[in-house]
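The values are calculated or read from the model by the stated rules, or taken from the named source; none is laboratory data. As the structure is a computational prediction, the values presented were derived from the model and not from experiment. Here the Cβ positions follow ideal geometry from the backbone for every residue, glycine too, while neighbour counts run over all protein chains shown. Keep in mind that these areas ignore ligands, DNA and RNA; they rest on the heavy atoms of the full protein, side chains included. Shrake-Rupley method; radii C 1.70, N 1.55, O 1.52, S 1.80 Å.
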Amino acid sequence: MIFVDKGPCPQEIQEDIDAQKAKDGWDEIPEIPNAEQAKRLREEFFDALDKTRIRTELLKRQHGLCVYCMTRVENDSDSAVIEHWYPLSKSKQRALQYANLFVSCRGGEDRDANGHRRVLCCDAKKEDSIIQLDPLNKDMMDNIVYYSDGRIDIAESYGTRIVRNQLRQNLQNHLGLNGKILNDGSIISDTETEIVKGRRDAFKEERDLIEELEQMGELTQERIDEEIHNLLSQNPRESFVGVKLFVLSQTL
Ligand SMILES: [Zn+2]
(Lines give C-alpha, C1' and ligand atoms only; values in the text may rest on other atoms or scores of the structure.)
Protein backbone atom coordinates (compact mmCIF):
# COMPACT_ATOMS: atom_id res chain seq x y z
CA MET A 1 0.00 0.00 0.00
CA ILE A 2 1.09 3.51 -0.68
CA PHE A 3 -0.07 6.96 0.44
CA VAL A 4 -2.76 8.53 -1.78
CA ASP A 5 -2.49 12.28 -2.08
CA LYS A 6 -6.10 12.80 -2.98
CA GLY A 7 -6.73 16.50 -2.86
CA PRO A 8 -10.18 18.08 -2.70
CA CYS A 9 -13.18 16.71 -4.58
CA PRO A 10 -13.26 18.12 -8.14
CA GLN A 11 -16.20 20.45 -8.66
CA GLU A 12 -17.90 18.41 -11.41
CA ILE A 13 -17.88 15.30 -9.24
CA GLN A 14 -19.19 17.24 -6.23
CA GLU A 15 -22.04 18.62 -8.35
CA ASP A 16 -22.90 15.10 -9.50
CA ILE A 17 -22.92 13.90 -5.87
CA ASP A 18 -25.07 16.86 -4.76
CA ALA A 19 -27.54 16.17 -7.59
CA GLN A 20 -27.93 12.56 -6.45
CA LYS A 21 -28.54 13.63 -2.87
CA ALA A 22 -31.23 16.07 -4.02
CA LYS A 23 -33.24 13.27 -5.64
CA ASP A 24 -36.46 11.89 -4.16
CA GLY A 25 -35.86 9.06 -1.76
CA TRP A 26 -32.47 10.15 -0.41
CA ASP A 27 -33.96 11.55 2.80
CA GLU A 28 -35.90 8.34 3.45
CA ILE A 29 -32.73 6.28 3.79
CA PRO A 30 -31.35 6.36 7.36
CA GLU A 31 -27.64 6.97 8.03
CA ILE A 32 -27.18 3.27 8.78
CA PRO A 33 -29.31 1.45 6.20
CA ASN A 34 -30.73 -2.06 6.45
CA ALA A 35 -29.99 -4.52 3.65
CA GLU A 36 -32.88 -3.40 1.46
CA GLN A 37 -32.08 0.30 1.96
CA ALA A 38 -28.39 -0.33 1.25
CA LYS A 39 -29.37 -1.97 -2.05
CA ARG A 40 -31.38 1.14 -2.96
CA LEU A 41 -28.53 3.35 -1.90
CA ARG A 42 -26.21 1.54 -4.28
CA GLU A 43 -28.50 1.13 -7.24
CA GLU A 44 -30.47 4.38 -7.23
CA PHE A 45 -27.86 6.81 -5.95
CA PHE A 46 -24.29 5.51 -6.10
CA ASP A 47 -24.69 3.69 -9.42
CA ALA A 48 -26.30 6.81 -10.91
CA LEU A 49 -23.05 8.75 -10.51
CA ASP A 50 -20.76 9.25 -13.49
CA LYS A 51 -18.44 6.37 -12.58
CA THR A 52 -16.07 6.90 -15.49
CA ARG A 53 -15.39 10.46 -14.37
CA ILE A 54 -14.80 9.39 -10.76
CA ARG A 55 -12.62 6.41 -11.73
CA THR A 56 -10.54 8.58 -14.05
CA GLU A 57 -9.91 11.16 -11.34
CA LEU A 58 -9.16 8.58 -8.65
CA LEU A 59 -6.78 6.65 -10.88
CA LYS A 60 -4.92 9.83 -11.64
CA ARG A 61 -4.45 10.35 -7.90
CA GLN A 62 -3.47 6.69 -7.42
CA HIS A 63 -1.06 6.82 -10.39
CA GLY A 64 -2.83 3.92 -12.10
CA LEU A 65 -2.47 1.45 -9.21
CA CYS A 66 -4.91 -0.50 -7.07
CA VAL A 67 -5.14 1.33 -3.74
CA TYR A 68 -4.48 -1.85 -1.77
CA CYS A 69 -2.22 -4.27 -3.65
CA MET A 70 -0.47 -1.72 -5.94
CA THR A 71 -1.04 -3.72 -9.13
CA ARG A 72 -1.61 -1.72 -12.30
CA VAL A 73 -5.30 -1.42 -13.22
CA GLU A 74 -6.88 -0.20 -16.43
CA ASN A 75 -9.39 2.62 -16.45
CA ASP A 76 -12.43 0.47 -17.16
CA SER A 77 -15.00 -1.37 -15.08
CA ASP A 78 -13.68 -4.81 -16.14
CA SER A 79 -10.31 -4.16 -14.56
CA ALA A 80 -11.15 -1.77 -11.73
CA VAL A 81 -13.89 -1.22 -9.19
CA ILE A 82 -14.74 1.95 -7.29
CA GLU A 83 -14.38 0.87 -3.72
CA HIS A 84 -15.93 2.32 -0.56
CA TRP A 85 -13.21 2.41 2.09
CA TYR A 86 -15.90 2.71 4.76
CA PRO A 87 -18.57 0.27 3.53
CA LEU A 88 -21.54 1.70 1.65
CA SER A 89 -23.83 -0.64 3.61
CA LYS A 90 -22.78 1.01 6.90
CA SER A 91 -23.00 4.73 6.16
CA LYS A 92 -25.29 6.69 3.86
CA GLN A 93 -23.20 9.87 3.99
CA ARG A 94 -19.98 8.10 3.18
CA ALA A 95 -21.59 6.13 0.37
CA LEU A 96 -21.44 9.28 -1.75
CA GLN A 97 -18.39 10.92 -0.22
CA TYR A 98 -15.45 11.46 -2.55
CA ALA A 99 -12.88 11.13 0.24
CA ASN A 100 -14.25 7.63 0.93
CA LEU A 101 -13.86 6.36 -2.64
CA PHE A 102 -10.81 4.61 -4.10
CA VAL A 103 -10.07 2.43 -7.07
CA SER A 104 -9.34 -1.22 -6.32
CA CYS A 105 -8.41 -4.08 -8.62
CA ARG A 106 -10.94 -6.91 -8.95
CA GLY A 107 -8.90 -8.98 -6.51
CA GLY A 108 -9.00 -12.15 -8.60
CA GLU A 109 -12.77 -12.61 -8.62
CA ASP A 110 -12.73 -12.05 -12.37
CA ARG A 111 -10.30 -14.94 -12.89
CA ASP A 112 -11.43 -18.37 -13.96
CA ALA A 113 -11.49 -20.53 -10.83
CA ASN A 114 -10.75 -23.78 -12.72
CA GLY A 115 -12.62 -25.69 -10.07
CA HIS A 116 -10.45 -24.60 -7.16
CA ARG A 117 -11.21 -22.03 -4.50
CA ARG A 118 -9.73 -18.68 -5.42
CA VAL A 119 -7.60 -16.76 -2.93
CA LEU A 120 -9.02 -13.27 -3.26
CA CYS A 121 -7.62 -9.91 -2.21
CA CYS A 122 -8.49 -6.21 -2.10
CA ASP A 123 -12.12 -5.18 -2.76
CA ALA A 124 -13.20 -8.76 -3.47
CA LYS A 125 -11.82 -9.97 -0.14
CA LYS A 126 -12.80 -6.95 1.95
CA GLU A 127 -16.54 -6.95 1.20
CA ASP A 128 -18.31 -5.10 4.06
CA SER A 129 -15.42 -5.00 6.55
CA ILE A 130 -14.55 -1.78 8.34
CA ILE A 131 -10.77 -1.34 8.28
CA GLN A 132 -8.37 1.01 10.03
CA LEU A 133 -5.60 0.86 7.41
CA ASP A 134 -5.97 4.24 5.82
CA PRO A 135 -4.39 5.14 2.45
CA LEU A 136 -4.89 8.85 3.22
CA ASN A 137 -2.77 8.60 6.39
CA LYS A 138 0.80 9.33 5.24
CA ASP A 139 2.46 8.43 8.53
CA MET A 140 0.68 5.08 8.62
CA MET A 141 1.48 4.33 4.97
CA ASP A 142 5.14 5.24 5.56
CA ASN A 143 5.20 2.54 8.22
CA ILE A 144 4.18 -0.28 5.89
CA VAL A 145 7.10 -2.68 5.55
CA TYR A 146 7.99 -5.47 3.13
CA TYR A 147 10.16 -8.54 3.44
CA SER A 148 12.28 -10.31 0.85
CA ASP A 149 9.82 -13.25 0.81
CA GLY A 150 7.09 -10.89 -0.46
CA ARG A 151 5.26 -10.43 2.81
CA ILE A 152 3.63 -7.08 3.67
CA ASP A 153 3.45 -5.94 7.30
CA ILE A 154 3.28 -2.89 9.55
CA ALA A 155 6.48 -1.65 11.22
CA GLU A 156 7.04 -2.94 14.75
CA SER A 157 7.70 0.66 15.84
CA TYR A 158 4.29 1.94 14.68
CA GLY A 159 1.55 2.67 17.23
CA THR A 160 0.60 0.46 20.15
CA ARG A 161 0.51 -3.33 20.06
CA ILE A 162 -3.28 -3.21 19.80
CA VAL A 163 -3.13 -0.84 16.83
CA ARG A 164 -0.48 -2.95 15.10
CA ASN A 165 -2.52 -6.11 15.61
CA GLN A 166 -5.56 -4.42 14.14
CA LEU A 167 -3.62 -3.24 11.08
CA ARG A 168 -2.10 -6.71 10.61
CA GLN A 169 -5.59 -8.17 10.72
CA ASN A 170 -6.61 -5.67 8.04
CA LEU A 171 -3.65 -6.53 5.80
CA GLN A 172 -4.03 -10.27 6.12
CA ASN A 173 -7.62 -11.12 6.87
CA HIS A 174 -9.65 -8.21 5.51
CA LEU A 175 -7.59 -7.40 2.41
CA GLY A 176 -5.89 -10.77 1.90
CA LEU A 177 -2.62 -9.08 0.93
CA ASN A 178 -0.50 -12.00 2.14
CA GLY A 179 -2.64 -14.59 0.38
CA LYS A 180 -3.76 -17.62 2.33
CA ILE A 181 -2.02 -17.78 5.69
CA LEU A 182 -1.91 -20.01 8.75
CA ASN A 183 -2.58 -18.72 12.27
CA ASP A 184 1.15 -18.21 12.84
CA GLY A 185 1.23 -15.91 9.81
CA SER A 186 3.06 -18.26 7.44
CA ILE A 187 1.99 -17.95 3.83
CA ILE A 188 0.65 -21.17 2.32
CA SER A 189 -0.75 -19.86 -0.93
CA ASP A 190 -0.39 -16.70 -2.99
CA THR A 191 -3.47 -14.80 -4.18
CA GLU A 192 -5.12 -15.52 -7.51
CA THR A 193 -3.37 -12.41 -8.78
CA GLU A 194 0.05 -13.49 -7.37
CA ILE A 195 0.72 -10.32 -5.43
CA VAL A 196 3.08 -12.00 -2.93
CA LYS A 197 5.25 -13.14 -5.86
CA GLY A 198 4.97 -9.67 -7.42
CA ARG A 199 6.25 -8.01 -4.25
CA ARG A 200 8.99 -10.63 -3.84
CA ASP A 201 10.19 -9.98 -7.41
CA ALA A 202 10.09 -6.19 -6.94
CA PHE A 203 12.06 -6.52 -3.70
CA LYS A 204 14.73 -8.65 -5.40
CA GLU A 205 14.94 -6.42 -8.45
CA GLU A 206 15.62 -3.35 -6.32
CA ARG A 207 18.06 -5.22 -4.06
CA ASP A 208 19.97 -6.38 -7.17
CA LEU A 209 20.13 -2.83 -8.47
CA ILE A 210 21.52 -1.57 -5.17
CA GLU A 211 24.09 -4.37 -5.09
CA GLU A 212 25.15 -3.53 -8.61
CA LEU A 213 25.54 0.15 -7.74
CA GLU A 214 27.56 -0.80 -4.70
CA GLN A 215 29.91 -2.99 -6.74
CA MET A 216 30.44 -0.16 -9.20
CA GLY A 217 31.12 2.25 -6.34
CA GLU A 218 28.10 4.34 -7.33
CA LEU A 219 25.91 3.81 -4.30
CA THR A 220 25.43 7.31 -2.96
CA GLN A 221 22.53 9.06 -1.26
CA GLU A 222 22.22 11.19 -4.36
CA ARG A 223 21.83 8.12 -6.58
CA ILE A 224 19.22 6.65 -4.21
CA ASP A 225 17.27 9.92 -4.15
CA GLU A 226 17.37 9.97 -7.94
CA GLU A 227 15.98 6.42 -8.13
CA ILE A 228 13.19 7.35 -5.65
CA HIS A 229 12.39 10.42 -7.71
CA ASN A 230 12.25 8.36 -10.93
CA LEU A 231 9.90 5.79 -9.41
CA LEU A 232 7.57 8.48 -8.06
CA SER A 233 7.56 10.36 -11.37
CA GLN A 234 6.37 7.44 -13.50
CA ASN A 235 2.86 7.82 -14.77
CA PRO A 236 1.29 5.37 -14.42
CA ARG A 237 3.60 3.98 -11.78
CA GLU A 238 4.84 0.41 -12.04
CA SER A 239 3.10 -2.35 -10.08
CA PHE A 240 4.44 -2.83 -6.53
CA VAL A 241 6.35 0.46 -6.65
CA GLY A 242 5.89 0.78 -2.86
CA VAL A 243 8.13 -2.26 -2.33
CA LYS A 244 10.97 -0.68 -4.31
CA LEU A 245 10.55 2.62 -2.48
CA PHE A 246 10.72 0.74 0.81
CA VAL A 247 13.92 -1.09 -0.16
CA LEU A 248 15.48 2.22 -1.21
CA SER A 249 14.40 3.90 2.04
CA GLN A 250 16.25 1.17 3.96
CA THR A 251 19.49 1.73 2.05
CA LEU A 252 22.32 3.91 3.42
ZN1 LIG B 1 -5.63 -4.90 -5.62
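Below are the figures for this structure:
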| quantity | calculated |
| --- | --- |
| Cα gyration tensor category, rounded, prolate or oblate, for segment 11-116 with a/c compared to 1.5 | oblate |
| Gaussian network model of the chain, Cα within-10 Å springs - most flexible of Leu219, Leu96, Leu88 | Leu219 |
| Exposure ranking of Ser77, Ser239, Ser91 by accessible area [1.4 Å probe, largest first] | Ser77, Ser239, Ser91 |
| DSSP-loop GluC sites (Glu not before Pro) across segment 1-96, with at most 16 other Cβ within 10 angstrom | Glu28, Glu31, Glu74 |
| Listed residues His84, His116, His174, most fluctuating in the chain (Gaussian network, C-alpha, under 10 Å) | His116 |
| Nearest-10 value in Å² for the accessible area of Asp18, using the 1.4 Å probe | 80 Å² |
| Three-way shape call for segment 61-178 based on the alpha-carbon gyration tensor, with the a/c threshold at 1.5 | oblate |
| Solvent-accessible area, 1.4 Å probe, carbon plus sulfur percent, for the chain | 44 percent |
| Candidate residues Lys244, Lys21: accessible-area rank, largest first, probe 1.4 Å | Lys21, Lys244 |
| Cα-centre dipole for the chain with unit charges at Cβ (Lys and Arg positive, Asp and Glu negative), debye to 20 | 740 debye |
| With all protein chains modelled, accessible area of Phe45 [1.4 Å, Å²] | 0 Å² |
| Links that overshoot a 30 Å alpha carbon limit, given the list Lys60/Lys92; Lys51/Lys90; Lys125/Lys204; Lys23/Lys125; Lys92/Lys125 | Lys23/Lys125 |
| Rounded accessible area of Ile2 (nearest 10 Å², 1.4 Å probe) | 40 Å² |
| Compactness index (Cα Rg / 2.2 N^0.38 Å), the chain | 1.08 |
| Paramagnetic reach from Asp201 in segment 162-180 [backbone N under 20 Å; point 7 Å along Cα→Cβ] | 177-180 |
| Pair Lys138, Asp5: separation of 7 Å Cα→Cβ label points (nm) | 0.8 nm |
